[in-house]
Amino acid sequence: MSLENELKSVEYGNLDGKTVIYFHGAPGSPDEASVFDKHAKKHDLNIICYDRFSVDSSLQNKAYYKYLANIIIEKANGGQVDIIGFSIGCHAAIETSLYLEGTVRELHLISAAAPLDAADFLEGMAGKMVFSMAMKQPAIFTLLSYWQTLLAKVAPNVLFKMLFSSATGEDRSLSKTTDFQAYIRPILMQCFSINVKGYIREIKQYVAPWQESIIKCSANTHIWHGTSDNWSPVSMAKYLKENIPNSASLELISGLSHYTCLYAAAPKICSQLEKT
């Protein structure tokens, strides 16, 4: 069995279109990439999102990113791919790109979470308590994650309200719509009910130092960020713009927050990828 067939994936857009790999957020799941479906069809793109939280939890750090890179290399089959990352998925996208030299055409980062060791970002983050716990009290963070697993099973509405109670900007209005709730709740269920070990790995690796990976990132990078984002403060986007060597652009979208930026960036990115 090929590496690619070992790992489940979801595909959106045109299955025969240009290959684009999407790295979902944390919490998140492959279904998150459905935001791109209609835009990918319009611009002849094949958006592939791997279920990376289902990767064996014994694979950690470099071994984990190399595994993901090998799957992408196999999928590229000697060609190039574009990569899109969202939120904490941007960390995994950047780390994986370090093992994809010559394979990545463009790297697009949406609502990107920057390294916590690079600056005092934590104070301005809605997830400060969770990230601090993951850094300083990892055993308690693990217990919290399994408690969220229980909530996902017995009280999914409570989990949703807990996670989105801190929403700001346009995300506050978005989180109250039935369409968004129908979109995000199955994503949370899959993350916490099925793939919580992968989620725990992702958060623990995110809060560990990785500033050096930013400097090593050689991909032609584009950054998309809402000015009202309090999950990934806008200072993170500015840091990435200043420190990724080949960062080509930073588009700040006024008034938007975390998920509203994802919705707004999707059509723009798909249009841009069609032309590259």
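Remarks
- Within the stretch 191-204, not a single residue is farther than 22 Å from Phe131 by Cα and either part of a helix (DSSP H, G or I) or in contact with a Gly (Cβ under 8 Å, 6 or more places away or on another chain) (or both).
- Of all positions in the stretch 140-155, at least one carries a residue that is at pLDDT below 95, buried (at least 22 other Cβ atoms within 10 Å of the Cβ) and among the aliphatic types (A, V, I, L, M).
- Each residue in the stretch 80-91 was checked for being aliphatic (A, V, I, L, M) and surrounded by fewer than 24 Cβ atoms within 10 Å (Cβ to Cβ), and 1 pass.
- Number of the exception - Glu106 against (1) modelled with pLDDT under 95; (2) in contact with a Ser or Thr (Cβ under 7 Å, 6 or more places away or on another chain): (1)
- Extreme residue, surrounded by the most Cβ atoms within 10 Å (Cβ to Cβ), among residues of the stretch 7-25 that are touching a residue at least 60 places away in the same chain (Cβ under 8 Å) and more than 18 Å from Ala265 (Cβ to Cβ): Thr19
- For the stretch 241-276, taking the residues that are farther than 22 Å from Gln181 by Cβ and among the small types (Gly, Ala, Ser), the one that is modelled with the lowest pLDDT is identified as Ala248.
Residue-wise test of (1) in contact (Cβ under 8 Å) with a residue 40 or more places away in the chain; (2) under 28 Å from Met129 (Cα atoms); (3) buried (at least 20 other Cβ atoms within 10 Å of the Cβ); (4) of a type outside the set (A, V, I, L, M).
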site	(1), (2), (3), (4)
Ile215	no, yes, no, no
Ala219	yes, no, yes, no
Trp231	yes, yes, yes, yes
Lys238	no, yes, no, yes
Pro245	no, no, no, yes
Ser249	no, no, no, yes
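- Set side by side, the residues Tyr146, Tyr99, Tyr183 differ, and just one is of a type in the set (Ser, Thr, Tyr) and within 24 Å of Lys241 (Cα to Cα), which is Tyr99.
- Of all residue pairs spaced 6 or more apart or on separate chains, those with beta-carbon atoms under 6 Å, a first member in the stretch 172-183 that is surrounded by 12 or more Cβ atoms within 10 Å (Cβ to Cβ) and a second member that is at pLDDT below 95 and outside any helix (DSSP H, G or I) are Ser175/Ala167.
The values are calculated or read from the model by the stated rules, or taken from the named source; none is laboratory data. Every value quoted in this text rests on a predicted model; they were computed, and no experiment measured them. So basically every Cβ, Gly included, is an ideal-geometry build from the backbone, and we count neighbours across all protein chains shown.
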